[in-house]
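The values are calculated or read from the model by the stated rules, or taken from the named source; none is laboratory data. The model shown is predicted, which means the values in this text are computed figures rather than measured ones. Ideal geometry is used to build each Cβ from the backbone, glycine not excepted, and the neighbour counts take in all protein chains shown. Side chains included, ligands, DNA and RNA excluded: accessible areas come from the protein's heavy atoms. Shrake-Rupley method; radii C 1.70, N 1.55, O 1.52, S 1.80 Å.
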Amino acid sequence: MRRRSSGARAPLRPPRGRVALLALFLLAAAAPARAEDGHSLWLRYPRVSDAARLREYRSAIACVRLEGQAPTLRAAREELSLGLGGLLGRVVPLACPAGAPALVAGTPASSALVASLGLGADLRALGDEGFLIRMVVTGGRRALVIAANRDVGVLYGVFDLLRRLQTQSSIANLRVASAPRLRLRLLDHWDNLDRTVERGYAGSSLWDWAALPGTLSPRYRDYARANASIGINGAVLTNVNANATVLTPAYLAKVAALAGVFRPYGIQVYLTARFSAPIELGGMKTADPLDPAVRAWWKAKADEIYRYVPDFGGFLVKANSEGQPGPQDYHRSHADGANMLADAVAPHGGIVMWRAFVYSAGVPTDRIRQAYDEFHPLDGAFRPNVMVQVKNGPLDFQPREPFSPLFGGMPKTPLVMELQVTKEYLGQRNSLAFLAPMWKEVLDADTYARGPGSTVARVLDGTLHGYARTGIAGVANIGDDTTWCGSDFNQANWYAFGRLAWNPGLTSVQIADEWIRMTFTNDPSFLEAVEAMMMGSREEAVNYMTPLGLAHQMATGHHFGPAPWAWAGRADWSPPYFARADTLGIGFDRTASGSDAVAQYFPPVAARFASRDSIPDAFLLFFHHVGWHERLRSGRTLWDELVRRYDAGVATARANVRIWEGLRGKIDTVRFDRASANLTAEAAEARWWRDASILYFQTFSRMPIPMGHERPAHTLDYYETLRCPANPRRPSCDGI
Ligand code: GCW
């Protein structure tokens, strides 16, 4: 029998009941009441508060028919048990008496009733993971049907329906057909084998390697449920700064145990491959990708992995970047390296995701040019099972960046877009920053690769270039913290990532609306206020950290707080390299008179970014060096506008504290007080950013802080000598 790890949290679900009992009843109502501590995420399933809706749901769903013992169908049934029991506030029987309105769920193979409904043509369009939900009349009875081609589609359909009930929307005349636009929807965990998490602000890694494979924490299943509820279908378990040890038999057994928990929820596991593993594990002298012995080693390793995990997804690789080994160590190209690994996993149906995040201090060109310069010439050189993984922007997960020119620039190579869900450069733990608007900005951006309408979303979903493989990856913000994500509001970014991965066409507002209703309450006044706070929160962070297109002004190493003055040991890690402030002005000239990075974009985009007349203010200093006294669109000088933006960020952060305080009593005190503390901390951090940045840039502009704007709280010297955070895993700063 499997033991639970000591100190493990109770599962979200009630323990599995006896089979005979389950055959009769869905037992959700038996779930013990649990304090609101954030652990249940958006899957809390409290009883529906709107009385009319509750009546509607109860009369539409008197009983459930979800037959079949396949693990995924069992998972779907258990979720319905928990969800309906909680939401409808009563036990919903499995057996359906004649005439009773039923919820029917299954595939044509698992359910004779579903097979009899003649949904074939409609289902065909929905692929392996899609589903439809429909109100039908069959044999004189009303039924709400969830149908899919495969079991996992049924599970996704169940979560979709539960979302509708949680958000209290009508299910009368429901007619839903949903299929994911992207095939791979992955979380990348930057988790190390010692359970530290690179850029993690939510405690230790979920993966308890020491206790695996014998002990399976109940959190593994809760993690899988949460992912399935938003359509995430893969997890890269290990850090891209990779450790070869995870490829040893002892660890593969642990990986297999995790894969076993995730499999019923439609989640495949992937690992990062350390390029030098043949040396470290195989005792070889080289890891040259063209060396036959090296190639044979990887092939044998892949065969071994698939013996442990038959549905292993493949490898994610960071090579020749930030000190990681790679093919260039042997004067081979990124394509040589990727193709070798691709050949090893190809017989098993695996893929290789090869990261384009490469840059080197040894290369004299503008850092943001380097990924494109390296990868664009390799378009067409990769095996069909290689996907190149590209960060959303050309720099590095900044609060705002233009889209990477590789989107649209690799027509023959399927690209995975990598987003950072964990907020390394966005305030880390305390900030409210809801990131859907940032991701939408990139997804909706037009690359013009094939004329107008060539959006990044269409590059990713394969419709623009006809990619056979499509995908998106988010660097996870998950750890063993009670809240999973370090704060309750950070959960929204996990949620938003999954929802956008399924459908990049969703709006940020819709995602925020769903999440607030499910996570907190359907109370309209709470909803309206919190939605507005969330929707403005990313722009707020941009304003108080890096307004008008500034980037990478964060402190060295941990990247928490401002240090625009800092020298990080090399230019391309140092804020002054990016801001380029001098007595004349500020900003990085990336036009033809500067690094000419604009030339990497298609002509209409390049022209728009290159011209001072058409560049949006949001990207101004990313592409232009602008004089302090120059007037912007607002009519204000650059200096005045800069100060104004910093202040606007601070003002929003302060307003949020007040708005939130006005909502006291509308949700539980545990989560309310926690968010209150975070918002208060963020307001102080915003002020710190604003004061430190203005004081530092003022040494170049030599212009006064305009009238009506607050004076900085301390001197520049004070900020320059402040050492924060004391503890990088719980970033905060006392001295501000
Ligand atoms: O932004 C940088 C981070 C590194 C990270 C790197 C990457 C995993 O500071 O911590 O390394 O990006 O994406 O490889």
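The table below gives the values:
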read-out	value
Single residue of Ala449, Ala433 found to be surrounded by 20 or more Cβ atoms within 10 Å (Cβ to Cβ), over 22 Å from the mean Cα position of the chain (by Cα) and closer than 30 Å to Val509 by Cα	Ala449
The range 300-354, residues that are open to solvent by 10 Å² or more (accessible area, probe 1.4 Å) and in a loop (DSSP other than H, G, I, E, B)	Pro310, Asp311, Lys318, Asn320, Glu322, Gly323, Gln324, Pro325, His331, Arg332, Ser333, Gly349
Lone unmet requirement of (1) under 23 Å from the mean Cα position of the chain (by Cα); (2) part of a helix (DSSP H, G or I) for Gln370	(1)
Options Gly362, Gly380, Gly409; residue that is more than 16 Å from the ligand (Cβ to nearest atom), at positive phi and more than 16 Å from the chain's Cα centre (by Cα)	Gly380
Residue pairs meeting the criteria (Cβ under 8 Å; at least 6 apart or on separate chains; first under 14 Å from Phe131 (Cβ atoms), in the range 109-121; second among the polar types (S, T, N, Q))	Val114/Thr107; Leu117/Thr138
Residues of the range 551-568 that turn out to be polar (S, T, N, Q), surrounded by fewer than 16 Cβ atoms within 10 Å (Cβ to Cβ) and more than 11 Å from the ligand (Cβ to nearest atom), as a count	0
Those residues of the range 714-723 which are more than 23 Å from Thr583 (Cβ to Cβ) and surrounded by 14 or more Cβ atoms within 10 Å (Cβ to Cβ), in sequence order	His714, Tyr718, Leu722
Strands (runs of 3 or more DSSP E) fully within the range 145-259 counting 2 or more residues that are open to solvent by 30 Å² or more (accessible area, probe 1.4 Å), away from the ligand (no atom under 16 Å from the Cβ) and in contact (Cβ under 8 Å) with a residue 60 or more places away in the chain	none
Helices (runs of 4 or more DSSP H) fully within the range 423-529 counting 3 or more residues that are away from the ligand (no atom under 16 Å from the Cβ) and more than 30 Å from Pro603 (Cβ to Cβ)	491-502, 508-519
Breaking point among (1) open to solvent by 10 Å² or more (accessible area, probe 1.4 Å); (2) away from the ligand (no atom under 16 Å from the Cβ); (3) of a type in the set (A, V, I, L, M, F, W, C), for Phe357	(2)
Any hit, the range 286-297, residues being more than 16 Å from the ligand (Cβ to nearest atom), assigned to a helix (DSSP H, G or I), in contact (Cβ under 8 Å) with a residue 24 or more places away in the chain and out of contact with any His (no Cβ under 7 Å at 6 or more places or on another chain)	yes
Qualifying positions in the range 569-601 - open to solvent by 20 Å² or more (accessible area, probe 1.4 Å) and either within 16 Å of the ligand (Cβ to nearest atom) or hydrophobic (A, V, I, L, M, F, W, C) (or both)	Gly569, Arg570, Ala571, Trp573, Tyr577, Ala581, Leu584, Ala592, Ala599
Tally of residues being within 30 Å of the chain's Cα centre (by Cα) and open to solvent by less than 10 Å² (accessible area, probe 1.4 Å) across the range 86-106	3
